[in-house]
Structure formats: structure tokens, C-alpha cells
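Below is one structure, written out as C-alpha cells; the observations come after it.
Each reported figure results from applying straightforward, stated rules to the coordinates on display, with no laboratory input. A quick note: this is a predicted structure, and the numbers were derived from the prediction, not measured. Glycine gets a Cβ as well: all are built from the backbone with ideal geometry, and neighbour counts include every protein chain shown.
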Amino acid sequence: MSELLFSKQKRLDRLFYLMIVFALIGPTLGVPITSGFNLTFFRIAFLLLAAGIALRFAAEKKLETSYMYPVRWYGAFFLFWFAYGVIALSWSASLSAGVRYLFLLGMMLPLAYSFPFFLKTTDHFWKALRILFWVYAAIILFAVFESITLIHLPQSRAFGRISASVTSVFTNQNDLATCITLGLPFLASSLYILDLKRKHKWFIYIIGVLSIYTLIATGSRSNTFFALPLAALPLVVLLPMVMDRSKITMKNVGKGIIAVLVAFILANGLSMVFLSAEAREQAKTKLSSTFGFLMDVQNSPWTVDEGGEDPIDAETGRSATVRKFLIINGLRFLHQSHYMGVGPGNVEVYMDGAPKVDKVNMHNWWGEVLVNFGVIIFILYMSLYFLMLWRLWKLASLKHSPQLNPVLRWGAYSTMAALTGYFFGGMAPSTAIHYTPMWICYGIGLAIIAIGETLKKKHSGSELEKGSLKGV
């Protein structure tokens, strides 16, 4: 009987690994059902996995989840968030938009929570991260191929035309750039935290260089100049607390600085060689206009009543002012909803025809959560987000968790950096409700907390037991 249960668990584990592969690839692999719906392999794997868990529960009349105790409040919040969304349908302007949004939320929340459910041990965690690395490497390698050949995948906005846009498996450049800034902290920190073979370090370094090259090709200002530096900040500042200080020598620091400089030089060199003249000009124009972008935000009106209702053409175009008024309009809608939120997915309904904007998506994940679900959900979400960063830091710290496995320490350190960078990265995609790289990173953080804090508790218990035996 135990062998049969073990076999069933292995099949569920394999299905979980397939699901996260398809989740990261996104809509690339799937079957178009209608013009607005694509039955992706991720959705198929998700439903099969959910059915498998339900059948197992029905057969065994129980589901072991005690090892997830450290992240129980995240599960409770996810249930409350979804329930609040269902209740909010009662005051939503568009029921169909709300149901569609809840359908997506109802898949992303379990996706994130499936990580601590399936990744029970360090070995499971390490296997999942290796799989995700290979998928990430494939995404970057195709982006390089795309930048050279101008061949785009069907889900790309550039599909069917000759365009210098680099999107890889995503819809637009910003989605790809955000994926890169979420992934780079894991690559960079693995080179000095993990005990890897030289050939593996070289391959990771090459993927890192190509990631920077791709990031430049996307021309994403928020990710290149804000999200990436913000993610790098904890990697640098907290390094002495995460790594054995005997290894932080002038020689090793010098090697690290040289490696980073060479990576950026190589990435720039590759962009000069492989990117078309149009692509180089697009990237150069967008990246060099970052300061002007910020000035456009500052100098444009701060109320929708000033001037006409048409979008404002500023020095760097409409992007800065439109994004600004998406937030201003969103806050106005939030106030009109008595801060309860306009309802799941309904910010787009209200934004259609709003003054000074020509888009309906918030283009800001934090604003999307706030305006759609109101102040209560937003405060709880942000509180748990900051709490996750704090708990990851405690696990990464040698002082607070000296007994932790280096793999888990690396995971905590990298995830903390990636989610810190996402404060700006979350302002790049048009919407993040179905942006799986972010949900995967969030799920990785939950898994690390569940495994790491459980191991710390067991270690503390064994130390107390040893101490009591010494007194006998």
C-alpha cells in the first residue's frame, strides 16, 4: 500500500514540475479555442494536477500539510483574497470582467501555494530550481535568436511583421525584461554562494551575459535602470551577512567586480554586433530618455481637470503621462468606491474612456491590486510581502540561520533580491494577474520559508534535547 501511495506521489510530483515549466513558458504552448481564449499546456497541467490532488484526498480521506505550517497565513490570505473578490462582484460594473479576472486569480494563487506544497525538502527545491533554470535559459536563448532573425512567436505583438521588438515567449518587451530582472539575482548569486563545477559556472555566466544583452534589447527603462539596480542592492549590501567573511577577500571582490564589468561590456558588444540598426536605435532612444521620462512625469499636470481630456504628448512621448494618469484615474476610482475597490478586473472597465489615457490596463501591479480590491486587501498583501522579505533575510543570514543548507540560503538570498527589485519591475507589465514569473518567484519564497523554518525548528529541538541529556 505504501509503495502504491509513493508511486502516486511521484506522478503528482512530475505533473507539478511540468506545470511550472509550462507556467514559465506561458502562452507559447497551447491550443487556440476562441479569439480571446488559449487553452495552454499550463492550464491543462494545472487542472490535471488539481484533479489528481482531489482524487488522492478522496481516496485517503486526508491531505498531509503539516509541513506547510510556517506559511499558513499566506494560504489563509489567499482564500480571503479570492472570497473578497467574489463578494466584490456584487458591486462590480462588469460581471464578465470580474469573473474572468477571478478565474486568473484562482489559478495564480494555487500556483504560488503549490510550491511549498510539493517542495517539501531541499532536494525537491533544488530539482525545481534546476528545471526552472533550464526553462529560463531557453527563454533567453530564443530571445537572442529572435533579436538576430526577427522571427517572433505567435503570442508576440510583433508576430507576422518585421519588427525589432524582442519578446521571446512573452507578449511584449516589458514582460520579458521583468522576467530577466527576476531571474538575474539567482544566476549572479549562484556563482559565489553555491559550490558548482567550473563548467556549470561558465554556462551560468554566459546565460547571464545573454540576459543583460536581451535586457538592453528590450529597452525597458523601469527594469534596466530601476528594478535591476534595486535587486542588486541587497545582493551587495547583505553579502557579508550571507557569505563566510573569510571568503570575502580583496582578490575575490576584485574578481567579482571584473566579472560584472566584463559581462556588461560583452552584452553591449553583442548588441552592437547582433542587433539591427532599428533595434539599436529603439533601445538607445528609450534607455537614454529615462531622465526625460521622469521629467515628463514631474512637469505634466497632477489633476485630470487641467487641460483637455486627450493624452498629453510630452518630450519623450505619451508613455510617461499616460502611466501617470492611469494611476491618478485609478486612485479617483478607488475613492469613488469608498476604498473598497472597484471589483476584480474592473479598473479596465472604468479606465475605458477616462481622461488623458489611451490604455485601460494599470501598468502597475501595486496599483492594480489597490484599485481592484481596495485598501483592506492591499494592506494585507503588502504586509505579507514585506514579512516574506524579512523571513527570507532571516533564513539567508549566517547569524540567524547558521545551520541552513547552502542551497536554501542561496534561494532565500536570491528570492529576497528578486522580489525587492520587483517593486519597480511590477510597474513594467501592463497587468501582472497572469504574469507567471512573478507568481513563481513568490511561490519559491513560500517554499523556502516552509522548508527553512521547519528545518530550523527541528535543529533547535535537537539542540535542546542534547542539552537536556548532558545534564543527566
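Restricting the trypsin sites (Lys or Arg not before Pro) of segment 358-465 to loop positions (DSSP other than H, G, I, E, B) with no more than 13 neighbouring Cβ atoms within 10 Å leaves LYS399.
Residues whose amide H comes within less than 5 Å of that of THR40, counting only those at least five positions distant or on another chain, are VAL31 (H built at 1.01 Å from N in the peptide plane). Couplings 3J(HN,Hα) for segment 397-406, derived from phi with the Karplus relation 6.51 cos²θ - 1.76 cosθ + 1.60 (θ = phi - 60°), are 6, 5, 5, 8, 9, x, 8, 6, 4, x Hz, where x marks Gly and Pro.
Given the choices (i) 22.0, 75; (ii) 23.2, 84; (iii) 23.9, 74, Rg and Dmax of the Cα atoms in Å derived from the coordinates of this structure is entry (ii).
Phi-derived couplings, Karplus 6.51 cos²θ - 1.76 cosθ + 1.60 at θ = phi - 60°, listed residue by residue for segment 65-78: 9, 4, 5, 8, 3, x, 10, 4, 6, 5, x, 5, 5, 4 Hz, with x used for Gly and Pro. Among the listed pairs LYS120/LYS394; LYS8/LYS127; LYS201/LYS251; LYS197/LYS456; LYS197/LYS255; LYS201/LYS284, those whose Cα-Cα separation exceeds 26 Å are LYS197/LYS456; LYS201/LYS284. Computed on the chain, with alpha-carbon pairs under 8 angstrom and 6+ residues apart, the relative contact order is 23 percent. Straight Cα distances below 14 angstrom link LYS247 to the aspartates and glutamates ASP195, with same-chain residues fewer than 8 positions distant left out.
How big is the gap, in Å, between the Cα center of segment 117-152 and the Cα center of segment 314-356? Each part's Cα centre sits 34 Å from the other's.
The spacing between segment 385-452 and segment 196-252, judged by their C-alpha centroids, is 16 Å. Rounded to the nearest 500, the 222 nm mean residue ellipticity of the chain from helices alone is -23500 deg cm²/dmol, with -39,500 (n - 2.57) taken per DSSP H run of at least 4 residues.
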